[in-house]
Amino acid sequence: MANKEMARFNARLTKEQKEFFEYASRLGGFRSLTDFIIQSAQSKAKEIIKEHNRILASRRDQEIFFEALLQPEAPGQELRDAAAAYKRALER
């Protein structure tokens with residue numbers, strides 16, 4: 001197993017919060033309250049980051065889309081050739 005550098009995290013809770021979390025930890029089959037807290041926080045952090053990245057990607061997609069609408073590139077040779085072939089086919 002690779003060595004991972006460990007860090008300490010301390011938190012102060014009310015007695016009610018601690019009892020509530022311990023109860024949930026036992027119901028969830030966690031080895032300890034620490035395992036429960038770490039896994040729960042990590043799961044929520046992943047969810048928040050995923051949503052944040054989805055929003056950023058969505059905004060970037062919007063920028064790209066509207067940029068293409070407002071400042072379209074000139075058609076390439078293949079597109080011009082296809083348009084000419086289409087027009088010739090319609091004239092027949």
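No value in this document is a laboratory result; all are computed from the given coordinates. As the structure is a computational prediction, the values presented were derived from the model and not from experiment. All Cβ positions, glycine included, derive from the backbone under ideal geometry; neighbour counts span all protein chains shown.
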Note down all Cβ pairs under 6 Å where the first residue falls in region 27-40 and is more than 17 Å from residue 13 (Cβ to Cβ), the second is among the hydrophobic types (A, V, I, L, M, F, W, C) and outside any helix (DSSP H, G or I), and they're at least six residues apart or on different chains.
-> none
So how many residues does region 1-42 have that are part of a helix (DSSP H, G or I) and either hydrophobic (A, V, I, L, M, F, W, C) or surrounded by 10 or more Cβ atoms within 10 Å (Cβ to Cβ) (or both)?
-> 21
Surrounded by fewer than 10 Cβ atoms within 10 Å (Cβ to Cβ), out of contact with any helix residue (DSSP H, G or I) (no Cβ under 9 Å at 6 or more places or on another chain) and at negative phi, is that true of residue 90?
-> yes
